[in-house]
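Peer 1: Let me begin by handing over the structure; questions about it come next.
Where a number appears in this text, it was derived from the coordinates with a stated rule and is not lab data. Keep in mind it's a predicted model, so treat the numbers as computed, not measured. Cβ sites come from the backbone with ideal geometry, for glycine too, and all protein chains shown count toward neighbours.
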Amino acid sequence: MPRVRPSLAVAAQLLCALLLSPTASALNMNDEASKGFGRSYGFVYGQRLSLEYIDRVFPELHQQVQLAGLNFSAKFPRLEERLEKAMASIGKPAALRSKLDPMLAKQIEGITRQQATDFLELVNDRAAGKIPSPELEFILAAQYEETPAREFVNGFRQSYSATGHPKAKGLRLDMQMPKSWKGEEGYRPNIVRKWTSANGTGMETILLLVKTIGGERVTKADVAESLRNGEVKAMIPEGGTFIAAKAVTVEGQPAFVVEYDSAQDRAGIDLAMRAEMYGIFYGDYFISLQCMAGATKGDARKAASGYTGVKPLCQQVANSIVLPSRY
């Protein structure tokens, strides 16, 4: 890994985090989110200023500077613009840049040609997705805010295995999630894992639940009958509003998917939720993948908008499920 002057790599994001005073919500801009997006904005803005400085001071590196910038922009198109949008609730980006510019100028000034070429190599590495955490996660959250399934499709993924987890009850299951979604242990019974968008700060959540069921093995015909007689509707939370349901197949197993609206109270805050649940039957197991988008109760449209992006992602995640015991 090339040695790069620390100011080029980290100064901008550190300064940006220090200058921010968090307020309320775009991309659920709580304190942790504002700092994360702030650091990532400084990361990208500082990179652009550094490339411009190198281009001015070392004109012989112009072609390499242009190539590095184009490589990064091709991987993360309109990223700075997207981060500015995410930052809109914290403060005007222009005002923030006016504070950053003189500080960054002092940090960048005087770098050597070797440091400049090392930095260009670093930018090319970043274009390949080699960006440290948590900057990468917040960059991905901003880049794919409206189309989270594209993050998954474009290869920014993390792998998870429930094999050996006590709540998995002996089930062997592997799956993949988008890189920017933060995974945590499920606190409630049967919830094996919980993932939250925007590195754990967002309003979209995916849950993995595993239960054991007795009786005969559930078939595709059984699922079809449950849809006809309305039994699937009973699986949505109390007070929820049924929207639609259909039979599907996941990893070769009989399954259904049901879509619904619900209202929840979280720590005294009323939330409007739109959700989709995959119910998968495998031997003695019932596997549930629940994908939810939420907003404050007075902003149900925001929940519906968030769900529009989460729904295709939920399908991608469901299709990533592998049950090794089948093979």
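Peer 1: Between LEU227 and PHE242, how many nm apart are label points set 7 Å from Cα along the C-beta direction?
Peer 2: Each label point lies 7 Å from its Cα, and together they span 1.3 nm.
Peer 1: Go ahead and set up a Gaussian network model of the chain, Cα springs under 10 Å, then flag whichever of GLN143, GLN115, GLN315 fluctuates most.
Peer 2: Comparing GLN143, GLN115, GLN315 in the GNM, the peak value goes to GLN115.
Peer 1: Sticking with this one: Counting pairs of alpha carbon atoms under 8 Å apart in space and at least six apart in sequence, what relative contact order in percent does the chain give?
Peer 2: About 14 percent, as a whole number.
Peer 1: Go through the range 233-265 and name the GluC sites (Glu not before Pro) that are in a DSSP coil and have 10 or fewer other Cβ atoms within 10 Å of their Cβ.
Peer 2: In loop regions of the range 233-265 (DSSP not H, G, I, E or B), the sparsely surrounded GluC sites (Glu not before Pro) are GLU238.
Peer 1: Right, another one. Counting other Cβ atoms within 10 Å, keep those with at most 13, restrict to DSSP loop, and tell me which GluC sites (Glu not before Pro) in the range 56-132 are left.
Peer 2: Passing both the DSSP loop test and the Cβ count: GLU109.
Peer 1: Still on this structure: Test of understanding: in a Gaussian network model of the chain with alpha carbons linked when under 10 Å, which of ALA304, ALA293, ALA221 would top the mean-square fluctuation ranking?
Peer 2: Highest fluctuation of the listed residues: ALA221.
Peer 1: Right, something else. At what distance in nm do the modelled label points of ARG48 and ARG301 sit from each other, each positioned 7 Å from its Cα along Cα→Cβ?
Peer 2: Result: 2.9 nm between the two label points.
Peer 1: On to the next question. Hey, rough spin-label estimate for GLU146 and HIS62, points 7 angstrom out along Cα→Cβ, what's it come to in nanometres?
Peer 2: In this crude label model, GLU146 to HIS62 measures out at 3.5 nm.
Peer 1: From the phi angles alone, apply the Karplus equation (6.51, -1.76, 1.60; θ = phi - 60°) to the range 239-254 and give each ³J(HN,Hα) in whole Hz, x where the residue is Gly or Pro.
Peer 2: Result, ordered by residue: x, x, 10, 5, 10, 6, 7, 7, 7, 9, 10, 10, 6, x, 10, x Hz.
Peer 1: Between PRO148, PRO254, PRO166, where does the largest GNM mean-square fluctuation fall for the chain, given springs only between Cα atoms within less than 10 Å?
Peer 2: Highest fluctuation of the listed residues: PRO166.
Peer 1: List the trypsin sites (Lys or Arg not before Pro) within the range 129-207 that DSSP assigns to loop and that have no more than 13 neighbouring Cβ atoms inside 10 Å.
Peer 2: When the trypsin sites (Lys or Arg not before Pro) of the range 129-207 are filtered for loop state and at most 13 Cβ neighbours within 10 Å, LYS130 remain.
Peer 1: Hey, which of these cross-link pairs are over 24 Å Cα-Cα: LYS35/LYS130; LYS130/LYS311; LYS169/LYS233; LYS179/LYS233; LYS167/LYS302; LYS85/LYS194?
Peer 2: Check vs 24 Å cut-off fails for LYS130/LYS311; LYS169/LYS233; LYS179/LYS233; LYS167/LYS302; LYS85/LYS194.
Peer 1: Going through the DSSP H helices of the chain, which span 24 Å or more along their own axis at the Cα atoms while scoring at least -0.5 as a mean Kyte-Doolittle hydropathy?
Peer 2: Counting only whole DSSP H runs, the qualifying helices are 300-320.
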